[in-house]
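Single-structure report; data block below.
The values are calculated or read from the model by the stated rules, or taken from the named source; none is laboratory data. Note that the structure is predicted; figures quoted are calculated from it, not measured. Here the Cβ is made from the backbone with ideal geometry for all residues, glycine too, and neighbour counts use every protein chain on show.
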Amino acid sequence: MSDPNTISCPRCGLPVDIGDAEPLSRVPCPACGERVRIARSFNHFELRETLGTGGMGTVYRARDTQLDRDVALKLLRKDLGPEYANQLQQEARITASVNHPHVVQVFSFGHDHDQYYLVMELVDRGTLDDLMAEQKKIPEADVLRTGIEVARGLRAAYQKGLIHRDVKPANILFNEEGMAKISDFGLAGIVEPHAQTSGAIWGTPYYIAPERLNNQ
């Protein structure tokens, strides 16, 4: 059986250790110096392109070889403990429970090569953060349309008993038609009408409601 942590150098044929290498990175061959690209598949998902990196891991464009379609695959960092895998699985379950055109759809959660991953709908036309940086001033009609679409997605989540807790431009994605979709339910919580607010503050500081900062 071949060692999954080594590949053969395409130039000299000698083994190259890729055990600690990130997918799609390039590792120098210790014998000839050739920089070998690390192709990686997680079960039936072939990684094709890096889309972005966050605190918990990296998101890749991947190919689902069973259904012959492109997806987004969020790969959890190797150095994070089991509590982070549980958090990623919670995100998968929470998001999968909301079936709405303005919420990024989750397809599956899995484990391979000693890493956990989340497979989602590919929404690759940038974020609201990107749009704000590129255009500086967004037309009012576009702002209104995006706001309404995000509100509809949040309402659908709320109707399932969920609050997002980290709504910000970086978590609002656009598809090919320019439709807004909410992503990253990793900090989502359950709506409890009579619960008291705790002292814990969740979310990104610049986008937290003032009421939450005052524990209201």
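When Thr6, Thr53, Thr58 are checked against the criterion of being of a type outside the set (A, V, I, L, M), in contact (Cβ under 8 Å) with a residue 24 or more places away in the chain and within 24 Å of Arg77 (Cα to Cα), Thr58 stands alone in meeting it.
When Arg63 is tested against the conditions (1) at pLDDT 95 or above; (2) within 15 Å of the chain's Cα centre (by Cα), the lone failure is (2).
Being more than 15 Å from the chain's Cα centre (by Cα) and assigned to a helix (DSSP H, G or I) is the requirement here; does Glu83 meet it? Yes: the conditions hold for Glu83.
Table: residues versus (1) touching a Pro at 6+ places or on another chain (Cβ under 7 Å); (2) among the hydrophobic types (A, V, I, L, M, F, W, C); (3) within 24 Å of Gly186 (Cβ to Cβ).
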{"site": "Cys29", "(1), (2), (3)": "no, yes, no"}
{"site": "Gly33", "(1), (2), (3)": "no, no, no"}
{"site": "Arg37", "(1), (2), (3)": "no, no, no"}
{"site": "Arg48", "(1), (2), (3)": "no, no, yes"}
{"site": "Leu51", "(1), (2), (3)": "no, yes, yes"}
{"site": "Gly54", "(1), (2), (3)": "no, no, yes"}
{"site": "Thr65", "(1), (2), (3)": "no, no, no"}
{"site": "Val71", "(1), (2), (3)": "no, yes, yes"}
{"site": "Pro82", "(1), (2), (3)": "no, no, yes"}
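Residue count for the range 9-38, restricted to those that are touching a residue at least 24 places away in the same chain (Cβ under 8 Å) and under 30 Å from Asp68 (Cβ atoms): 6.
Within the range 167-190, is there a residue that is polar (S, T, N, Q) and either at pLDDT below 85 or farther than 27 Å from Thr58 by Cβ (or both)? No, the range 167-190 contains no residue that is polar (S, T, N, Q) and either at pLDDT below 85 or farther than 27 Å from Thr58 by Cβ (or both).
So which residues in the range 78-93 are buried (at least 16 other Cβ atoms within 10 Å of the Cβ) and either over 24 Å from Ala157 (Cα atoms) or touching a helix residue (DSSP H, G or I) at 6+ places or on another chain (Cβ under 9 Å) (or both), if there are any at all? Within the range 78-93, just Leu80 meets the criteria. Out of all the residues in the range 149-157, is one or more within 17 Å of the chain's Cα centre (by Cα), of a type outside the set (D, E, K, R), surrounded by 13 or more Cβ atoms within 10 Å (Cβ to Cβ) and not in a loop (DSSP other than H, G, I, E, B)? Within the range 149-157, not a single residue is within 17 Å of the chain's Cα centre (by Cα), of a type outside the set (D, E, K, R), surrounded by 13 or more Cβ atoms within 10 Å (Cβ to Cβ) and not in a loop (DSSP other than H, G, I, E, B).
Scanning the range 98-107 for residues that are part of a strand (DSSP E or B) and at pLDDT 95 or above turns up Val103, Phe107.
Results for (1) surrounded by 13 or more Cβ atoms within 10 Å (Cβ to Cβ); (2) aliphatic (A, V, I, L, M); (3) at positive phi; (4) in contact with a Gly (Cβ under 9 Å, 6 or more places away or on another chain), shown as yes or no for each residue.
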site	(1), (2), (3), (4)
Ile7	yes, yes, no, no
Leu14	yes, yes, no, no
Ile18	yes, yes, no, no
Ala21	yes, yes, no, no
Ser25	yes, no, no, no
Arg40	yes, no, no, no
His44	yes, no, no, no
Glu49	no, no, no, no
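Among the residues of the range 2-51, those identified as outside any loop (DSSP other than H, G, I, E, B) and either in contact with a Ser or Thr (Cβ under 7 Å, 6 or more places away or on another chain) or among the aliphatic types (A, V, I, L, M) (or both) are Ile7, Pro15, Val16, Asp17, Val27, Val36, Glu46, Leu47, Thr50, Leu51. From the residues in the range 111-151 that are in contact with a Leu (Cβ under 6 Å, 6 or more places away or on another chain) and of a type outside the set (S, T, N, Q), which one is farthest from Gly57 (Cα to Cα)? So, considering only residues that are in contact with a Leu (Cβ under 6 Å, 6 or more places away or on another chain) and of a type outside the set (S, T, N, Q), the one farthest from Gly57 (Cα to Cα) is Val123.
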